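The values are calculated or read from the model by the stated rules, or taken from the named source; none is laboratory data. Nothing here was measured: the structure is a model prediction, and the numbers come from that model. Here the Cβ positions follow ideal geometry from the backbone for every residue, glycine too, while neighbour counts run over all protein chains shown. The accessibility values were calculated without ligands, DNA or RNA, using every heavy atom of the protein model including side chains. Shrake-Rupley method; radii C 1.70, N 1.55, O 1.52, S 1.80 Å.
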Amino acid sequence: GLELSHCVGAKSLGTTVPWRSGGPCKVKRVRTVFKPEQLERLEQEFLKQQYMVGTERVDLAATLHLTETQVKVWFQNRRIKWRKQSMEQKAAKLSQFGVIQPATADSTGSKDHGEDTVDVEL
């Protein structure tokens, strides 16, 4: 299951402690640490296809003893990493030939899908 840490001081007081004045307690989630075998399999699947959906995602999650959400988010984050690496490689090739790319605020490109802009890990 997912382990959640508590607000500072919550255990000692026995109640929920406001994270900031007027706000509810903000619960911090513990980051998932993938096993090497899980990462190897996820990378293998990513090399075959960058998008894992439907029953394929459910089956992969079950095989790796992960939740479907963990697999989904891993693929989202991996696509972002792949795009960043691709952009860096293109920039390196262009700089070899003396071509200078104009600096942009969005270095990930304009073809991002809305779902891929999430950088959340479960």
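Points to keep in mind about this one:
- For region 22-53, filtering for residues that are β-branched (Val, Ile, Thr) and more than 17 Å from the chain's Cα centre (by Cα) leaves 1.
- Long-range neighbours under 7 Å by Cβ, at least six apart or interchain, first residue closer than 16 Å to residue 51 by Cα within region 63-74, second open to solvent by less than 80 Å² (accessible area, probe 1.4 Å) and among the charged types (D, E, K, R): 68/57; 71/57; 72/57; 73/121
- Restricting region 75-91 to residues that are free of Cβ contacts under 8 Å to residues at least 12 places away in the same chain and open to solvent by less than 50 Å² (accessible area, probe 1.4 Å), the residue that is nearest to the chain's Cα centre (by Cα) is 86.
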